[in-house]
1. Translational D (Stokes-Einstein, µm²/s) of the chain at 10 °C and 1.306 mPa s when Rh comes from the Kirkwood sum over C-alpha pairs?
2. In nm, what is the difference between 0.36 nm times the number of residues separating residue 373 and residue 286 and their Cα-Cα distance?
3. For the range 1-87, report the translational diffusion coefficient in µm²/s to the nearest whole number, using Stokes-Einstein at 10 °C, 1.306 mPa s, and a Kirkwood Rh over Cα pairs.
4. Past the 17 angstrom mark, what percentage of all C-alpha to C-alpha distances in the range 236-347 do you count?
5. Could you calculate the contour length gain from residue 102 to residue 175, that is, 0.36 nm times the residue separation minus the distance between their Cα atoms, to one decimal place in nm?
6. Could you work out how far apart the two model spin labels at residue 232 and residue 110 are, taking each label as a point 7 Å from the Cα in the direction of the beta carbon, and quote it in nm?
7. Mind running the shape call on the range 77-217? Use the C-alpha gyration tensor, a ≥ b ≥ c as the square roots of the eigenvalues: rounded below 1.5 for a/c, prolate if a/b tops b/c, oblate otherwise.
8. What FRET efficiency, computed as 1/(1 + (r/R0)^6) with R0 = 25 Å and r the Cβ-Cβ distance, is obtained for residue 156 and residue 365, rounded to the nearest 0.05?
Ligand SMILES: CO[C@@H]1O[C@H](CNc2nc3cc4c(=O)[nH]c(N)nc4cc3[nH]2)[C@@H](O)[C@H]1O
Ligand SMILES: [Zn+2]
């Protein structure tokens with residue numbers, strides 16, 4: 001077990017990279033996809049099932065856990081790993097993004113954000129210092145700076161002002177984080193879709209110095225073309241020897257495009273959230289299992305998939321349990337989706353190591369064009 005946190009680049013293929021992040025709680029193979037475990041659970045999944053899909057690390061949320069059951073309670077009970085029975089690495093988001101997307105009555109000042117809980121209306125405050133304290137109480141292995149993520153579209157002045165606030169908060173986050181061997185603090189690049197602001201943000205973060213760097217401010221409704229346009233230059237502005245984490249992404253083709261552009265880590269609610277609604281991601285495209293055409297289909301969801309849903313059940317069964325709103329429906333489809341996302345991550349890690357990423361990407365898109373699913 002590594003005592004400290006370090007990133008080893010193993011191979012590159014074009015801009016795509018594969019490597020390993022060594023942490024005291026185990027290694028993270030990159031490029032890595034992190035299932036989202038917002039309220040101390042990856043919804044509908046036991047932790048051992050999450051591990052069985054191939055995940056090395058999962059994501060938790062400062063915002064949700066500070067409201068319920070509170071970071072202090074989790075700390076008193078031994079920390080988030082023990083609390084949720086996941087002993088491998090956990091990355092926690094810092095709360096600012098979730099406050100802006102979930103909380104009510106928000107007031108943003110230089111100090112931080114005050115807001116009302118979306119659960120019970122109680123009043124709370126998040127600052128860089130409080131966010132660092134919460135993530136420390138949780139026992140998070142990878143801590144995110146407290147930042148502000150502006151909703152797009154926004155005008156340049158708004159984006160610049162927000163990015164510069166986030167850079168001042170990054171400095172305060174680093175000061176409050178202190179020196180914690182074996183724990184990492186990641187800075188978050190902001191700047192919207194403005195190349196000059198992205199450059200200014202990357203320079204500001206590197207002057208402060210972080211263990212990893214996230215590309216923030218994306219996957220906020222800008223669309224894939226605009227996101228890829230930004231990813232054509234933003235990751236290159238970040239240190240080559242540190243992990244690069246694209247927050248909140250995404251659909252399978254978003255993930256492949258991000259890895260192609262030099263991203264090492266991603267997280268998204270999509271596979272779990274859509275699994276609960278009956279939307280299955282397969283090698284050949286998306287299957288909405290509630291559609292009547294699956295009612296008598298004896299085939300598995302995806303013949304190439306080795307997950308429990310595809311190994312032991314027919315489309316007809318999955319269709320039935322979704323139509324009858326049985327709990328097993330969300331469990332099986334969430335497991336399948338997370339398994340599929342981890343399968344493409346493993347295939348990309350192998351392809352980059354073999355120098356065959358372009359050929360792999362070509363087949364990835366050809367398979368999805370088949371359409372007869
Ligand atoms: C596709 O899923 C939908 O879209 C959102 C994912 N998109 C996203 N962009 C993000 C940006 C940031 C950021 O700039 N800073 C911090 N600290 N955290 C972030 C978290 C983010 N998540 C989900 O909420 C979901 O509704
Ligand atoms: Zn499957």
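1. Translational diffusion coefficient: 75 µm²/s.
2. 30.5 nm
3. Values: Rh = 14.4 Å.
Reported coefficient: 110 µm²/s.
4. Working: 3355 of 6216 pairs.
Result: 54 percent of Cα pairs exceed 17 Å.
5. Details: separation 73, 0.36 × 73 = 26.28 nm, distance 2.75 nm.
So the extension gain works out to 23.5 nm.
6. 3.9 nm
7. oblate
8. Result of the calculation: an efficiency of 0.15.
Computed from the coordinates by the stated procedures, all read-outs in this text should not be read as laboratory data. Predicted model only: the values in this text are computed from it and were never measured. Heads up, the Cβs are rebuilt from the backbone with ideal geometry, glycines too, and the neighbour counts pull from every protein chain shown.
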